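Notes for the one structure printed next.
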Amino acid sequence: MKKIKLIVFAILMLNIICNAQNVQVQNLLNDVRLDSLTNFVRQLSGEKPVIINGVTDTIKSRHYQTIGNEKAFQFMKQEFIRYGYQIDSFAFNTDGKNLFAIKTGYKYPNRRFMLGAHYDNQPTTIIAPGADDNASGSSTVLEAGRIFSNYNFPYTIVFALWDEEEPGLLGSIAYVPTIGSNNDTLMGYINVDMLGWDGNNDSVADINVRPVANSITLSNRAQLCNTLYNIQLGLHIVNPGNGATDHAPFWNNNFSAIGIDEEYDNDFNPYWHTPADSLGQFNLSFYQKCSKLAYATLADLAMDTVNTVGVSEILWGNNFKLYPNPSPNKIYMKWESSNQAEYTLKLYDIFGTQLYVASFLSSSNGLIIDTDHINLQKGIYFISIFTPHSAQTYKIIKE
Ligand SMILES: [Zn+2]
């Protein structure tokens, strides 16, 4: 009876891992609503009125030298407060103001992942909707605020809305060098800037990355999430990435960062920085996919679904070791356990196909997988270990 239960549990977990890497990330993605995303775009681009501090108003422009810039700040702040976030802001120059919404991690409160977008816009005309640039990214961040508020994460998540990107990335340039001054570690930053335009309907988005800190790992993780969560974007990896938006100061200060953006090279938005940059020009399905890619990557990182630790060993709790990684032929696992539970190990390729399974007793205190014996080719694999109460997945590399 006990054994049957364990098998049922293991099969259940197997399904979860094969269909999508993490069921909570998938649940979160299922919460994304296009009508909510576009409603934020309408409000930020002046197509629809907003209520700020109880007063109905319209954001006609978010240009940094207009009153609409402050209205946008207040509107977004109010939304994040409504979702229960701790709010912070960062003032710079004479009237620049970045907005931050913080969800503190339950396990690693001082380790942060960030998702950000600039909210100021162009052109200088009285009516400047700036829907694609960058009400699209700002609304992706606001919708993240709505969705992520329903989940808890081991790592701290910070949503950032930058001011004065258009005159030269001023908001992010002023803020980024201050990161770490309060004992917080920035684990990774995802920037979103212009996600609405897909004029040729090819569903191709750019991931801008540079070989700085763990930026390449972030980019790989985003690509993996696109596949695992069936987001169906074509991804164009741009390395060295475009430095013309707010992820650049992160690279310049040696932080891990990527930028998700609509295609820049072959399909640039012709309405960019004109009064005609409106929601009506969006490819809505593309916009939703880009937002989902940002959410999947952020949630996957902040939920810590796959542990990868350098090249030496991977720790599980205080007493589990998996090494070496990358591994030439044998993978050793060691742990200390005084109980007698039955554990199951499964090894998958990146497509979720199970290649190997083994059951063992926790009291054995060790296990060796001979990867040559099971004919494993060079590449990336996942090892999932199922205990009666939990499952842990590790990424391994066979050399
Ligand atoms: Zn922009």
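For this structure, a couple of remarks:
- Dipole in debye (nearest 20) - the chain, about Cα centre, beta carbon charges: Lys, Arg +1; Asp, Glu -1: 1740
- Between the C-alpha center of the range 240-264 and that of the range 329-399 there is a gap of 36 Å.
- Here the range 86-123 and the range 202-239 have alpha carbon centers that stand 23 Å from each other.
- Scalar couplings 3J(HN,Hα) for the range 280-292, obtained by applying the Karplus form with A = 6.51, B = -1.76, C = 1.60 to θ = phi - 60°, are x, 8, 6, 9, 5, 5, 5, 4, 5, 5, 4, 4, 4 Hz; x denotes Gly and Pro.
- The 3J(HN,Hα) values that the Karplus relation (6.51, -1.76, 1.60; θ = phi - 60°) gives for the range 266-274 are, in residue order, 10, 8, 7, 5, x, 8, 3, 6, 10 Hz. Gly and Pro appear as x.
- Helix axis angle, 137-148 relative to the chain longest principal axis, alpha carbon, degrees: 50
- Positive-end residue of A91, N69, P123, charge dipole of the range 58-149 with Cβ unit charges: A91
- For the range 23-304, the solvent-accessible area of protein heavy atoms averages 37 Å² per residue (probe radius 1.4 Å; ligands and nucleic acids excluded).
- DSSP beta bridges confined to the chain are antiparallel in about 65 percent of cases.
- Less than 5 angstrom separates the built amide H of I237 from those of I207, all sequence-distant by 5 or more or on a different chain.
- Taking all pairs of distinct alpha-carbon atoms in the chain, Kirkwood radius in angstrom: 22.2
- For the options L235, L218, L376, a Gaussian network treatment of the chain with springs between C-alpha atoms closer than 10 Å singles out L376 as fluctuating the most.
- Computed [θ] at 222 nm, helices only, for the chain once each DSSP H run of length n ≥ 4 contributes -39500 (n - 2.57): -8500 deg cm²/dmol
- Distances between placed amide hydrogens fall under 5 Å for V204 paired with G234, all partners being 5 or more residues away or on another chain.
- Solvent-accessible area, 1.4 Å probe, carbon plus sulfur percent, for the chain: 51
- For I396, the residues whose amide H sits under 5 Å from its own are Y381, F382, I383, ignoring neighbours fewer than 5 places away on the same chain, with H placed 1.01 Å from N.
The values are calculated or read from the model by the stated rules, or taken from the named source; none is laboratory data. Owing to the predicted nature of the structure, the values given are computational and were not obtained by experimental measurement. No Cβ is skipped: glycine too gets one built from the backbone with ideal geometry, and neighbour counts run over all protein chains shown. Calculation scope for accessible area: heavy atoms of the full protein, side chains included, ligands and nucleic acids excluded. Shrake-Rupley method; radii C 1.70, N 1.55, O 1.52, S 1.80 Å.
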